[in-house]
Amino acid sequence: NWELYGWLCFSHRSAITKALDEPLQPSTIKRKARSQNPRIRMSANNVRDVIRSFHVKGIVQPVRVPQKKHVHYKLTNQGKEFQRLLVSAEGRA
């Protein structure tokens, strides 16, 4: 779905997609994305908004982690494919 991939190419959305390599909660996603790209400006609320959109579009799914209070999110198979495309495109740039 190239239209959805194009939508993902914006800075916050692509940073969040690249940071999701395991089930994480939004605050951890923000920290990881900012460590991968220190120039990006985002808050945990930005991440929560994007994650909601990702869930509606089928890019992430919520995961209940035992012993944890808050929901974590992980990439679906489609999300992993988009992540692979974004990372490989970054290497060429």
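For the reader, a short list of remarks on this structure follows.
- Selection within the stretch 44-61: residues that are of a type in the set (Val, Ile, Thr) and not in a loop (DSSP other than H, G, I, E, B). The member of this set that is farthest from LYS30 (Cα to Cα) is VAL56.
- Those residues of the stretch 62-93 which are surrounded by 15 or more Cβ atoms within 10 Å (Cβ to Cβ) and assigned to a strand (DSSP E or B), in sequence order: HIS72, TYR73, LYS74, LEU75
- The stretch 5-29 - residue that is without any contact (Cβ under 8 Å) to a residue 24 or more places away in the chain and open to solvent by less than 50 Å² (accessible area, probe 1.4 Å) and, of those, nearest to LYS74 (Cα to Cα): ALA19
- ILE40 meets all of the listed conditions (1) at pLDDT 90 or above; (2) out of contact with any strand residue (DSSP E or B) (no Cβ under 6 Å at 6 or more places or on another chain) but one, namely (1).
- Qualifying residue in the stretch 43-51 (condition: surrounded by 12 or more Cβ atoms within 10 Å (Cβ to Cβ) and touching a Leu at 6+ places or on another chain (Cβ under 6 Å)): no
The values are calculated or read from the model by the stated rules, or taken from the named source; none is laboratory data. This structure is a prediction, so every number in the text was calculated from the model and none was measured. Positions of Cβ are backbone-derived with ideal geometry, glycine not excepted, and every protein chain shown enters the neighbour counts. Areas reflect the complete protein model, heavy atoms only, side chains present, ligands, DNA and RNA absent. Shrake-Rupley method; radii C 1.70, N 1.55, O 1.52, S 1.80 Å.
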